[in-house]
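Here is the structure we will look at.
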Amino acid sequence: MDAARKPPGLLQGKFIFKKLPNGNLDKTKVVCTFCDAELVYCRSSSSLKYHLNAKHPLANAVDAGPSTDVAPEKSRRQTTLFECNRGKPVSTALSAKLTNLLAQWIATSCRPISVVEDDGLELVLQAATGDPSYKLPARRTIMRRIHDQHTTEKAAKDEKMIEARSVALTGDHWTSVNNGVTVHIIDASWELHSFALGVIKTETRHFAEACARQFLDVANQWGIADKISTIGTDSAPNMVAAGRILPFEHLPCVAHVVQRAIVMSLREGGFDGALAKCRKVVGHFKHSPANSDELNVQQASLGQVQEQLVQDVPTWWNSTLEMIKRVMRNKDALHTTLSQQKHNLALPTNAEYEKLAKLKKLLEPCRYITELLGGDKYVSCSVVLPALCHLQHAMKISDDDPAYIVRFKAAFIKALNQRSEKINLEWLKIHDLRNSSACPEQRGRLELVKGEEPALQPLGEENPEPPKKKTALLLMGSDSESDEETPENNTVERYKVEPSASLDQCPLKWWSEHTAVYGKMAHIARKYLGTPATTVPCERLFSLAGHIVQKRRSRLSSENVNKLVCLSDWWKKEK
């Protein structure tokens, strides 16, 4: 057919009018030149454009009507950034980067893998990338990336293990999903590192033999069985028995010892009535948002900080102290709120408030010590014996103490002494830097860090400066009988308030400057200084497993749980 005789078309010839048998054109029907589909034409090309977009998206359909129509002039306005990028697909490199970041976010923040099936997240990424066709990666893709990232990060940790000449382990074994092991090492640059080695799924009873075998399995998997100096656990009977089985030094958690002494002394001190009233009052406001709002109004009217009350929990250390402090701070606000509510809930009496004030004073040094010993970014074993000596002094019975305080202190000292006998005192005495009467072998070890007091990072909470006499006792060795006040620049308060210290105060900094002088002695210093005093950081870490294994993630395999917990810990430590 000649071009002159070609049937007139629409949309730049993509559609032509249907030709009748007699040779005339049917202006009510058109035929698609791509698929020969016959369409009805009613002097509007909208349906034709829909056909092109649906059936032939690559045909570059043009928004032009019949050649006889004149297209209206487009309104003039600035094109938005989203419109500029609209239709441009995300590049392969950007898509891979987004997938890696999604996997890292899921592992670090302990998000469920199913989050990649969330339509809302997909819409957010589509708007951010300007690609409405972007699709989230599948769950299998995310898990593959998590496995790859775990392999990469584990290789970096393996290098640290190879370089380390001595390592210390801590473990937590108390439920089927929260079992795990962490490692603590001092590297060649004299920096202390603590990170997770793995989460262990336990389906059998936690007998001593099983716990010991799990420690050995983790050590063999990482190739550090011949480098372990100590293993730290809580004071549970099965863990103590496991420590006797293992061929390493066993260090029970000192913070557990202090916390257990507090629990035992509270039972004997006669504070049950006052504490019970506090718990009921706190529960009244904690379980009702309306009551809590009324309390906040009263706090504001009295010029106090609007704060929530705290309920004490047996497994939440220092929660009893925090409950007492907040109840006492809000005494007037609580009384006014309860009187307006016409509630017959009994507040502590004045005599009971006096008892609570005395209990608060007794619990403050315990909180101080548990927080001090609970860190993992600084040397902590060196302060164990001075800390226990400080508690002994703080709980010393005086003639002015009432009977209930005498019972509390007596019960605390008894419980602390009983449990201190289970602590590996011989190992801890290596850190007692003031015992000049030690045997030559021990004196040679003490020479490693003699005269040094480690300065620790602040724990994020300001604390009142302890009395100088108590500070002096904190610095005394376990065999010291001196009551002389220690100079201010040597106080243990530096552990909490100074972010850094000079070379004369921090053993790790000191050793970084004197390694070449002492040679082989540096290995012994790393061995003893790298041992943590408690298993608290380990327990905090493996509580992540409880957050990961939920109903939405109950089908996660133990291998995936292990990798998610380890990646979360490793990446957070690198920030």
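Just so it is clear, none of the values below were taken in a lab; they were calculated from the coordinates. This is a predicted model, so every value here is computed, not measured. Because the Cβ atoms are built from the backbone with ideal geometry, glycine has one as well, and the counts that use them run over all protein chains shown.
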FRET efficiency, 1/(1 + (r/R0)^6) with R0 35 Å, evaluated for residue 12 and residue 140 via beta carbons: 0.20
Radius 14 Å from Cβ of residue 311, net charge of other residues (Lys, Arg +1; Asp, Glu -1): +3
15 Å beta-carbon shell around residue 227, net charge (K/R +1, D/E -1): -1
Centroid-to-centroid separation of segment 137-174 and segment 294-361 [C-alpha atoms, Å]: 45 Å
Taking the C-alpha atoms of segment 9-59, convex hull volume expressed per residue in Å³: 68 Å³
Residues with amide H under 5 Å from that of residue 228, placed H, sequence gap 5 or more: 167
Part-to-part distance (alpha-carbon centres) for segment 518-541 and segment 366-406, which is given in Å: 22 Å
Dimensionless Rg over Rh [segment 88-148; C-alpha; Kirkwood]: 0.95
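Per-residue counts of other Cβ atoms within 10 Å, averaged by peptide: what ranking do you get for 97-108, 33-44, 284-295, 526-537, highest first? Don't skip to the answer; put the middle values down first.
Numbers: 97-108: 17.7, 33-44: 11.3, 284-295: 15.3, 526-537: 25.3.
The peptides rank, most packed first, as 526-537, 97-108, 284-295, 33-44.
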Cut-off under 5 Å, modelled amide H: who pairs with residue 533 long-range: 380, 381
Fraction of alpha-carbon pairs over 17 Å apart in segment 221-349 - percent: 67 percent
Protection proxy ranking of 330-341, 349-360 - average other beta-carbon atoms within 10 Å, highest first: 330-341, 349-360
Sequence ranges 219-230, 110-121, ranked by mean other-Cβ count within 10 angstrom, highest first: 219-230, 110-121
Neighbourhood net charge (14 Å Cβ-Cβ; Lys/Arg +1, Asp/Glu -1) for residue 147: +3
HN-Hα J in Hz across segment 381-388 - Karplus 6.51, -1.76, 1.60, θ = phi - 60°, x for Gly and Pro: 5, 5, 9, 5, 5, x, 5, 5
Distant-in-sequence amide H partners of residue 197 (H built 1.01 Å from N, under 5 Å): 181, 182, 183
